[in-house]
1. Could you check how many residues of the stretch 255-273 are part of a helix (DSSP H, G or I) and touching a residue at least 12 places away in the same chain (Cβ under 8 Å)?
2. Can you tell me which residue is nearest to the chain's Cα centre (by Cα) among those in the stretch 189-218 that are of a type in the set (Ser, Thr, Tyr) and in a helix (DSSP H, G or I)?
3. Within the stretch 265-297, can you find the residues that are touching a Cys at 6+ places or on another chain (Cβ under 8 Å), of a type in the set (Val, Ile, Thr) and open to solvent by less than 30 Å² (accessible area, probe 1.4 Å)?
4. Of all the strands (runs of 3 or more DSSP E) wholly in the stretch 6-79, which have at least 2 residues that are in contact (Cβ under 8 Å) with a residue 60 or more places away in the chain and under 18 Å from the mean Cα position of the chain (by Cα)?
5. Could you tell me which residue of the stretch 81-122 is surrounded by the fewest Cβ atoms within 10 Å (Cβ to Cβ), considering only residues that are out of contact with any Cys (no Cβ under 8 Å at 6 or more places or on another chain), assigned to a loop (DSSP other than H, G, I, E, B) and touching a residue at least 24 places away in the same chain (Cβ under 8 Å)?
6. Against the definition (free of Cβ contacts under 8 Å to residues at least 40 places away in the same chain and either open to solvent by less than 40 Å² (accessible area, probe 1.4 Å) or under 30 Å from ASP266 (Cβ atoms) (or both)), how does GLY131 come out, yes or no?
7. Just for the stretch 277-319: of the residues that are in contact with a helix residue (DSSP H, G or I) (Cβ under 6 Å, 6 or more places away or on another chain) and of a type in the set (A, V, I, L, M, F, W, C), which one is modelled with the lowest pLDDT?
8. Looking only at residues that are open to solvent by 20 Å² or more (accessible area, probe 1.4 Å) and of a type in the set (A, V, I, L, M, F, W, C) in the stretch 150-176, which one is modelled with the lowest pLDDT?
Amino acid sequence: ELLRDVLKAPKSPQVVLGPGDDCSAVEFDDEHYLISTTDCLVEGYHFLRNHIRFCDLGYKSLAVNLSDISAMGGIPLWCHLSFAFPKSLQDSDVKQFFSGIYNLSEKLGIELLGGDLSASEEIFINIHLSGLVRKSNIKTRKGFSNGDILCVTGDLGDSSAGLKLLLSAQESISKKLVQKHRLPPIRSSEARHLAKWDGVTGMMDISDGLASDLLRLNHCDIEIDVDSLPLSKELVRICETMNWDPYEFAFAGGEDYELLIAIQQDSFEVIRSDFLKEFSTPLTAIGRVKAGNGHVNFLKSGHTYKQAYQPFSHFDFKK
């Protein structure tokens, strides 16, 4: 709310999208927009130094930005890195961190163009990533429209469950969930494939948890079928073992980095069938978009479901 109050709308006519979506977008040429995003990772809030390999930290730093570019249907091309760390950090740790970034960037054809290094009491990482998207393919949050079917890729809640295991020193209980937190999925290929369809009206990534991210679609109402939320077998198994509620992770857990997609109803079956032929990634219908101004209604077995989970917040994470 504070940022909405202080951020000013850009006035340049070249700016197509400013604050309020996964990326900004400006005119590039007759066929493309230049899209850009930036995300920071702060030690103690986004990762725990003693619970992640430095190569994985490098991967994750770039991957969380890739998720934003993917959600717009774009191709990532160039990045800048600001990296602040304590003097006590070993040279080998720094080299491992950069190896994680380079392994991923070289795989996807992304060039690291520069940045900044600084000393700091704790590790702070910020990446600015930019790329191109065809004007005919760009997908935005504003595209979510009345009557669309709402879908997600992958499973929800695995990352936050893995984090909870880390924080409670029980990571050995499920290496799969912990790995999902350390190495979030990249849905770049899936997103670009979906973006080619006119029947896909909008996309965004799920970074702060489903319940929080749905509220960002404040130009429409959303109806969610709780029974349809995709939960991995591993999450269900661990929640049964630990007596946890899997829906708490699916609703309020952050850092899934899956795609949230709106698909026109008359195109849904064709697009979903085509998608499942191309990818092993699940694509699950979880609800509908309706006319409105930002209300989210959860239904379970046809009845209103009152979810009271505390939404993910970058300001509430405890070290």
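The values are calculated or read from the model by the stated rules, or taken from the named source; none is laboratory data. Everything numeric here is computed off the predicted structure, so don't read it as measured data. Note that each Cβ is placed from the backbone with ideal geometry, even for glycine, and that neighbours are counted across all protein chains shown. Only protein heavy atoms, including side chains, enter the accessible area calculation; ligands, DNA and RNA are left aside. Shrake-Rupley method; radii C 1.70, N 1.55, O 1.52, S 1.80 Å.
1. Here the count works out to 7.
2. So the residue we want is SER212.
3. Hits for the stretch 265-297 are ILE286, VAL289.
4. Answer list for the stretch 6-79: 32-42.
5. For the stretch 81-122, the residue satisfying everything is LYS87.
6. No.
7. Among residues in the stretch 277-319 that are in contact with a helix residue (DSSP H, G or I) (Cβ under 6 Å, 6 or more places away or on another chain) and of a type in the set (A, V, I, L, M, F, W, C), the one modelled with the lowest pLDDT is PHE312.
8. So the residue we want is LEU167.
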